[in-house]
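Student: What follows is a structure written as structure tokens; I'll ask about it next.
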Amino acid sequence: MSKAFRFYRHGGPEVLRFEEVEVTSPGRGQVRIRNVAVAVNYRDVLMRRGIHSVKSFPSAIGLESAGVIDAVGPEVSGFLVGDRVAYANMPEGIPCRPGRARHRLASRHG
């Protein structure tokens, strides 16, 4: 199990919950990333407060990360297990899920 800071409603820091989240095997066109560093920026604060919208609840913070691919799904080319990768400013919840966890799934195109 991975851990993630998630929130189920908008508000101040008190709405954040540090929870276990399950990250499944990658599906078609996805890779799974073991996050090494996750950035929390002002946009995350704005999403938590409700000033920037979120796709659905629960949502999470940390839209930027760097890590290592630890699994590759079918129909993925150009990425291998062990590749170091980073991503930034993806729309909340797309294409990564379950959101800002130690591991996450990502698609090349969102």
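Student: Which residues' amide hydrogens lie under 5 Å from the amide hydrogen of residue 21, considering only partners 5 or more residues apart or on another chain, with H built in the peptide plane?
Tutor: Amide H to amide H, under 5 Å and 5 or more residues apart or across chains, residue 21 pairs with 2, 3, 4.
Student: Once you order the gyration tensor axes a ≥ b ≥ c over the Cα atoms, which shape class does region 1-44 get: rounded for a/c under 1.5, otherwise prolate or oblate by comparing a/b with b/c?
Tutor: Judged from the Cα gyration tensor, region 1-44 comes out prolate (a/c at least 1.5, a/b above b/c).
Student: For a quick protection proxy, order the peptides 61-70, 32-41, 9-18, 45-54 by their average other-Cβ count within 10 Å, most packed first.
Tutor: Taking the mean over residues of other Cβ atoms within 10 Å, the ranking is 61-70, 32-41, 45-54, 9-18.
Every read-out reported here was derived from the displayed coordinates using simple, explicitly stated rules and does not represent laboratory data. This is a predicted model, so every value here is computed, not measured. Note that we place each Cβ from the backbone using ideal geometry, even for glycine, and neighbour counts take in every protein chain shown.
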